Ligand code: ATP
Ligand code: MG
């Protein structure tokens with residue numbers, strides 16, 4: 001075996017890794033090596049005598065990025081040749097892959113669209129309107145949450161209607177039509193050939209339940225199933241894991257009940273407890289040593305989580321150095337909080353020689369990021385931000401993607417509605433309303449009506465008819481092109497021919513400029529995607545492939561390889577599983593962290609406390625907590641009081657404000673601070689104080705909403721551009737390689753040194769066969785190839 005399991009694992013970890021006699025559950029506190037156990041266990045299963053084939057192992061992680069990292073790590077242990085065949089990814093990405101392969105069984109095509117949250121909400125809004133219901137009573141957001149919850153519990157519309165008391169609760173009297181909305185929503189998604197995120201789980205479950213031969217195939221395929229962050233799985237996920245492993249019982253899950261932070265998405269902390277009931281022979285492993293953090297951080301986190309009643313009791317210890325106390329900063333305003341944090345980062349870097357990548361600023365809500373961005377920008381400190389409006393959620397990108405979606409799946413209702421009149425082509429809301437009505441009345445898709453508007457009795461004049469025909473022909477043209485054009489070619493055709501590029505280039509306003517740049521970044525992203533897939537041996541990348549890739553990207557997945565030397569800004573939720581040398585947990589105020597949504601619910605408060613536990617336990621060497629007395633929220637200045645969570649931590653582990661010398665806070669004094677956080681937490685307590693500074697001037701200091709640098713799927717040098725007027729986006733003339741011929745030596749970005757064996761084809765189709773010293777023979781399309789002649 002290549003891996004030295006004994007040396008690199010402690011005894012409990014070793015036992016958990018090498019146990020292969022039945023189901024196992026590793027339950028342990030933060031930083032104790034659960035993810036490490038999972039990684040080593042996979043390596044072990046591959047390396048052991050009569051071990052498993054990589055394609056027989058399924059590992060489910062919380063983000064695609066985590067899966068990638070795990071695969072790389074295993075690759076280093078057992079060789080990439082083996083590791084690349086592992087099935088690894090999030091529940092959603094693995095199951096969408098399975099669903100695409102098996103779609104026909106459940107009445108879908110493999111081109112089904114994945115509706116994001118905005119799509120489902122928009123569809124719900126249409127349905128509520130069509131049913132003549134009041135949007136104030138039937139709020140699309142809350143209906144969406146209810147439907148999502150039902151799906152996560154595997155409750156179909158029929159099941160929902162049959163057991164309405166159980167699922168509707170108090171809402172039954174107020175919103176009797178919920179079940180009808182659910183039922184219509186379900187049908188409409190099917191009609192549109194679309195699945196929402198929850199459907200990816202629900203339909204997988206249905207597929208395995210109703211098609212035993214399909215289940216048998218996947219059971220046979222996945223001989224061992226491993227799950228990270230098990231505490232955040234929901235009932236649907238749990239049930240699918242059970243479907244796959246019930247027979248062979250080859251399953252290992254790891255988790256920490258103290259880090260369960262997704263109950264609002266249906267995650268059930270009881271799944272961990274339930275696990276040993278469902279798999280009665282489960283061997284439970286507990287890990288107690290934390291390898292991530294200093295003793296102080298571990299003890300502080302332990303003291304905090306003890307305040308929760310609902311938990312599996314466990315002690316975690318660290319043998320690392322004692323470390324420094326957890327610094328607490330109080331600021332007069334949120335802006336000052338930003339300055340304090342930025343100054344502290346600069347100071348730590350000076351003193352300790354840290355890299356920027358060693359810092360993370362964690363906040364409860366995305367809206368808090370802007371203050372820190374400003375403070376960091378002012379000091380020219382590089383940062384990367386996760387969340388907020390991610391690249392693929394921007395309007396211009398969603399517009400382009402809607403075209404892609406419609407071309408791949410013309411029945412996609414949300415994509416259809418988004419672009420039928422974008423760019424403006426004179427098709428008004430009335431006409432679209434008529435199309436929707438005709439489609440609903442005839443149980444067909446909007447596209448079906450568009451194809452033959454008159455046979456569906458659409459009352460439209462000749463002009464409108466011509467416009468509809470024009471749109472139809474435009475899309476039909478792209479659909480026809482799919483068979484002989486790849487994602488990149490069709491993508492650029494669509495951007496030009498649909499008129500989108502003309503629309504964003506109509507003037508040089510900063511908004512349009514930034515929209516244009518974003519579209520260019522998207523094109524780069526497609527180009528890069530094609531190049532990467534090609535390197536993996538798939539030369540023909542369709543638009544469907546590209547859409548499948550981006551539909552399930554999460555905030556964390558947008559991390560780019562070249563983002564190394566930057567501070568990370570993210571919500572605590574997305575920091576789960578990660579670690580940083582220095583962590584700042586900011587905005588520790590009542591009604592912010594814990595969130596104001598908690599109300600009187602002890603359960604919700606415990607979840608917030610777990611979230612705070614997750615935040616603190618991300619830190620390896622230094623952890624800082626901060627709060628501001630005044631904060632600009634919801635368009636006005638608010639006065640806050642320190643979070644009760646500060647009081648939950650044993651004071652021995654905290655360094656109070658005057659000792660850390662926070663500017664302007666010194667006069668408050670530690671005594672006062674201590675009284676404040678030990679005392680009452682009524683919101684009015686601090687609002688009586690005179691705020692520092694002048695509100696309007698503070699408001700003026702805030703620049704307009706900044707546009708966050710776009711994140712694209714991967715780091716790529718700019719090789720293409722899209723601009724106005726007959727522009728060709730990347731063409732062969734811009735290919736980095738000119739005049740390449742057999743016998744030449746080249747150096748490839750990924751494969752290293754190689755010799756050109758032959759060159760075939762011309763223009764965009766030119767390709768070279770190259771013999772790489774370390775990677776064998778590869779055929780590369782020159783247009784996408786990333787190498788230089790040496
Ligand atoms: P979380 O609950 O935050 O997900 P975790 O339990 O998954 O944490 P890991 O991320 O696996 O913990 O491990 C925390 C850190 O400790 C990692 O940097 C890991 O490499 C290191 N580590 C774990 N076990 C050992 C060990 N036996 N020897 C040295 N380092 C270890
Ligand atoms: Mg982990």
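The values are calculated or read from the model by the stated rules, or taken from the named source; none is laboratory data. Here the structure is a predicted model, which is why all the values come from computation and not from measurement. Cβ: placed from backbone, ideal geometry, glycine included. Neighbour counts: every protein chain shown.
Details
- Subset of the stretch 27-59 that is within 12 Å of ligand 1 (Cβ to nearest atom) and farther than 17 Å from residue 272 by Cβ - its residue that is surrounded by the fewest Cβ atoms within 10 Å (Cβ to Cβ): 36
- If you go through the stretch 11-26 and keep only what is more than 19 Å from residue 277 (Cβ to Cβ) and either within 16 Å of ligand 2 (Cβ to nearest atom) or free of Cβ contacts under 8 Å to residues at least 12 places away in the same chain (or both), you end up with 11, 12, 13, 14, 16, 17.
- Residues in the stretch 65-83 that are more than 18 Å from residue 41 (Cβ to Cβ) and either touching a residue at least 24 places away in the same chain (Cβ under 8 Å) or surrounded by 19 or more Cβ atoms within 10 Å (Cβ to Cβ) (or both): 65 alone.
- Scanning the stretch 405-418 for residues that are surrounded by fewer than 24 Cβ atoms within 10 Å (Cβ to Cβ) and touching a helix residue (DSSP H, G or I) at 6+ places or on another chain (Cβ under 6 Å), we see that the one that is farthest from residue 504 (Cα to Cα) is 411.
- Residue match in the stretch 386-396 (condition: free of Cβ contacts under 8 Å to residues at least 24 places away in the same chain and either closer than 26 Å to residue 521 by Cα or surrounded by fewer than 21 Cβ atoms within 10 Å (Cβ to Cβ) (or both)): no
- Selection status of residue 742, at pLDDT below 75 and on the phi < 0 side of the Ramachandran plot: no
- Residues of the stretch 571-591 that are in contact with a helix residue (DSSP H, G or I) (Cβ under 8 Å, 6 or more places away or on another chain) and more than 16 Å from ligand 2 (Cβ to nearest atom): 571, 581, 582, 584, 585, 586, 587, 588, 590.
- Among the residues of the stretch 220-237, the ones that are away from ligand 2 (no atom under 16 Å from the Cβ) and touching a residue at least 12 places away in the same chain (Cβ under 8 Å) come to 9 in all.
- Within the stretch 219-243, the set of residues being in contact with a strand residue (DSSP E or B) (Cβ under 9 Å, 6 or more places away or on another chain), at pLDDT 95 or above and over 18 Å from residue 67 (Cα atoms) comprises 221, 223, 242.
- Residue list for the stretch 493-524, restricted to those being in contact (Cβ under 8 Å) with a residue 40 or more places away in the chain, assigned to a helix (DSSP H, G or I) and touching a helix residue (DSSP H, G or I) at 6+ places or on another chain (Cβ under 8 Å): 494, 495, 500, 501, 504, 515, 516, 518, 519, 521, 522, 523
- Residue list for the stretch 576-595, restricted to those being within 16 Å of residue 621 (Cβ to Cβ) and within 16 Å of ligand 1 (Cβ to nearest atom): 578, 579, 580, 581, 582, 583, 585
Residue-by-condition table, conditions (1) closer than 30 Å to residue 445 by Cβ; (2) crowded, with 21+ Cβ neighbours inside 10 Å:
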| residue | (1), (2) |
| --- | --- |
| 185 | yes, yes |
| 192 | yes, yes |
| 206 | yes, no |
| 227 | no, yes |
| 251 | no, yes |
| 254 | no, yes |
| 258 | no, yes |
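- The condition of being assigned to a strand (DSSP E or B) and either within 16 Å of ligand 2 (Cβ to nearest atom) or in the same structural domain as residue 269 (by the TED database) (or both) holds for only one of 620, 638, that being 620.
- Qualifying residue in the stretch 633-644 (condition: closer than 16 Å to residue 330 by Cβ, modelled with pLDDT of 95 or more, surrounded by fewer than 23 Cβ atoms within 10 Å (Cβ to Cβ) and out of contact with any strand residue (DSSP E or B) (no Cβ under 7 Å at 6 or more places or on another chain)): yes
- Flag for residue 649 being under 29 Å from residue 324 (Cβ atoms), in contact with a helix residue (DSSP H, G or I) (Cβ under 7 Å, 6 or more places away or on another chain) and either more than 16 Å from ligand 1 (Cβ to nearest atom) or modelled with pLDDT under 95 (or both): yes
- Within the stretch 225-237, considering residues that are out of contact with any helix residue (DSSP H, G or I) (no Cβ under 6 Å at 6 or more places or on another chain) and not in a helix (DSSP H, G or I), the one nearest to ligand 1 (Cβ to nearest atom): 229
- Residue tally, condition modelled with pLDDT of 80 or more and within 22 Å of residue 81 (Cα to Cα), over the stretch 765-777: 5
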